[in-house]
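Scroll down for the structure; my scribbles are underneath it.
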Amino acid sequence: MQKLTILQYPDPRLHTVAKPVSVVDDRVRALVAAMFDTMYEANGVGLAATQVDVHERIIVMDTSEERNRPLVLINPEIVRRSEDSKEWEEGCLSVPGIYDTITRPASVRVRALDAQGEVFELDADGLTAVCIQHEMDHLLGKVFVDYLSPLKRSRIKTKMLKRQRQAA
Ligand code: NI
């Protein structure tokens with residue numbers, strides 16, 4: 001069990017753009033295992049490597065109720081987005097306690113490598129589609145609060161910084 005430190009908004013490192021993984025090897029698999037430990041421990045449904053200060057295109061997720069369907073996406077690409085969109089109340093392990101409604105395409109098809117380095121495609125809707133898009137944003141250095149108004153974002157920033165000072 002290896003727990004990694006999750007960067008907290010507004011940490012500027014959350015805005016780093018991740019690089020593609022060149023080889024899916026034991027180093028990557030060890031990171032994936034540690035990311036799953038960290039995500040499950042924090043009760044999250046998804047975690048991007050960016051959030052643990054590793055700037056490579058790696059995502060771990062589990063959107064099942066039973067918390068027994070781990071999904072790894074390495075070098076993910078969206079190959080299809082639905083025309084219709086859906087609103088979802090999103091949260092993030094890097095912005096704990098903050099939830100807001102974000103509108104995104106309702107379903108997506110993603111192409112990625114698995115932990116063995118094999119290519120696969122997945123059609124996702126509901127929470128899984130939301131999670132894939134949310135985590136892929138992290139890899140581009142984007143946090144969900146970046147979709148909110150500047151006023152809302154500045155309030156969230158103040159709240160987070162105050163909380164981080166109190167915890168320090
Ligand atoms: Ni997030």
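Results, tabulated for the structure shown:
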read-out	value
The listed residue being among the β-branched types (Val, Ile, Thr), more than 16 Å from the ligand (Cβ to nearest atom), closer than 30 Å to ARG163 by Cβ and in contact (Cβ under 8 Å) with a residue 24 or more places away in the chain, out of VAL52, VAL32, VAL60, VAL23	VAL32
Considering residues of segment 144-155 that are touching a residue at least 12 places away in the same chain (Cβ under 8 Å) and open to solvent by less than 60 Å² (accessible area, probe 1.4 Å) only, the residue farthest from the ligand (Cβ to nearest atom)	LEU148
Every residue from segment 7-29 that is under 15 Å from GLU56 (Cβ atoms) and open to solvent by 60 Å² or more (accessible area, probe 1.4 Å)	ARG13, VAL17, LYS19, PRO20, SER22, VAL23, ASP26, ARG27, ARG29
Scan of segment 44-71 for residues that are within 21 Å of LEU14 (Cβ to Cβ), open to solvent by 10 Å² or more (accessible area, probe 1.4 Å) and more than 9 Å from the chain's Cα centre (by Cα), ordered by number	VAL52, ASP53, VAL54, HIS55, GLU56, ARG57
Residues of segment 104-143 classified as open to solvent by less than 50 Å² (accessible area, probe 1.4 Å) and basic (Lys, Arg), total	1
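The values are calculated or read from the model by the stated rules, or taken from the named source; none is laboratory data. No experiment lies behind these values; they were computed from the predicted model shown. For neighbour counting, all protein chains shown are included, and Cβ atoms are generated from backbone atoms with ideal geometry for every residue, glycine included. For the accessible areas, the whole protein counts, side chains as well, though only heavy atoms, and no ligand, DNA or RNA atoms are used. Shrake-Rupley method; radii C 1.70, N 1.55, O 1.52, S 1.80 Å.
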